[in-house]
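The structure appears right after this line, and notes come after that.
The values are calculated or read from the model by the stated rules, or taken from the named source; none is laboratory data. Note that the structure is predicted; figures quoted are calculated from it, not measured. Backbone-built Cβ (ideal geometry, glycine too); neighbour counts: all protein chains shown. Surface areas here come from the heavy atoms of the whole protein model, side chains and all, with no ligands, DNA or RNA. Shrake-Rupley method; radii C 1.70, N 1.55, O 1.52, S 1.80 Å.
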Amino acid sequence: MIELPDLVTGGLAAGTLSALALAGGLLHARRRQARQRAEIAALRTRLDGSLKAFTAEVEHLATRRVPAAARRVAHPHVVVPGPLQPLTVGTPLGIALENVVLALQAETAAQRTSVDAAAQAGMRGAVREIQAALYRLQDALRGLQQRYDDPELAQTLFRLDHENEQSLRRAQVTAVVCGAWVGLAREESHLVDAVTGGQARLAGYHRVRVHNHLEPGTALVSHAVEPVAVIVAELLDNALRHSAPDTDVVVSLQHVHHGVCVTVDDAGLGMTQDERDRAQRLVAGDEPILLTELGDPPRMGLAAIGRLTRQFDLGVDVSSTSPYGGVRAVLRVDTHLLSHLDPAERPPAASAPRTTRTARKDLPDPAAPSHAYGPEAGPPQPAPGHHEAQGEDDGLPQRRRRTRPATPTQAQAPAQDPGRTAERRPARSPEEAAAALGALQSGTAAARAAAANAAAGASGDAPADHTDHTDDEEGAAR
């Protein structure tokens, strides 16, 4: 039988062991809890750091990367910054942020193109109304020129008509840039006429010197006449604007292997390499044209050239330097846009410079009378002793061969070298041209009056007015 003290002693020992086990378990639990708290604190610190990094990255995206990406749409030279933390590149976060930038650029470009197209459509409609009004004004001015014979009024009308022509050119260029058709539809014309037609649309046309080295009869197909005239006018306008007013702009027309080239050389300041590259991109017409890229105010000349070169398969190059230190612009017209006109049936305009070449297929008839352009005359000589065969030249520059019978008055005039005469003859000012037109109209009116008086008078009783109008006719010819 167990005694009471022994039982008490065993119970105390068991209680002590249980207390020790419980204390050990409690200590272990506390240590584990401490470790968990430390891990939670570390995770919370990392989470706070990631949150701050993500917030900074989003702020960097909103304040730096997005504005730069939007500017890059209009200005390709702008550099878009990368992520703020380089370690995010290639991570899901970095890829997501890069997709945001790309989507923004694509949408900005689409909206920019849409807005620009709407602006071009509105401007195209407005310019069409302006062109119609200017054409009506042009018809009215030319009607007044034919109606009145006063030389002073004729000069004023001529100046007004020329100013109206310049306004028409600007409106036409704006319409072309905005996607409108070039406008006028013409019949086949001599290429030199298209060049001089473009020259006549400019304020400084008297500074342009055209050297025609084309074969006689070189012409443009109908749909290429107006585009070539517009392109030449814009190239000449750039050359005149960017060169000193006391210098000339030299234009040369010559045949090349694939067609004809019109070369424009000026003596201006030239362009930097960046300006030259941008100008070449515009005239090439390979990139879409936006009004917002043309400056303020917009410079539309080169942009219009780019539109026309793309539409009509022409070529323009402005990447060279002229022999005078300025810019050399070359317009190339390929063979499929060229035609041929018989210069005897349809000669070029009287104001167009005559060619320095002779038509190969337009050889003279051996039985025809001798004249200055025949083979017997030989090559043009500058010596004053070079005379034409009797009875042909009337002392004025001749455009084509003439086989009309000789007259005593014509036989007294010496022949002149057509090429050299065209080069020596100075360009007429608007006032001189208007005076010549007025003199011609006065002479015509006087001749009609004389004919009416002669018809109304009795036979031998009422003498007709035989006023000599030779001076008027000579003034008109000048």
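Assorted remarks:
- Annotation for the range 295-353 versus the range 100-148: alpha-carbon center distance of 23 Å.
- Protection-proxy order for peptides 123-130, 65-72, each taking the mean of Cβ atoms within 10 Å per residue, highest first: 65-72, 123-130
- Per residue, the convex hull spanned by the alpha carbons of the range 254-344 comes to 140 Å³.
- Potential lengthening between Glu59 and Glu345 on full extension [0.36 nm per residue; Cα-Cα distance subtracted]: 95.3 nm
- The range 194-335: Rg to Rh, with Rh as the Kirkwood radius over Cα pairs: 0.94
- Counting 0.36 nm for each residue step from Arg299 to Thr9 and taking away their Cα separation leaves a gain of 93.1 nm.
- Apportionment of accessible area to carbon and sulfur, the range 227-324, percent (1.4 Å): 50
- Once the Cβ-Cβ distance of Arg159 and Trp181 is raised to the sixth power relative to R0 = 30 Å, the FRET efficiency obtained is 0.50.
- Over the range 67-212, the Kirkwood radius and the radius of gyration, each from Cα atoms, give a ratio Rg/Rh of 1.28.
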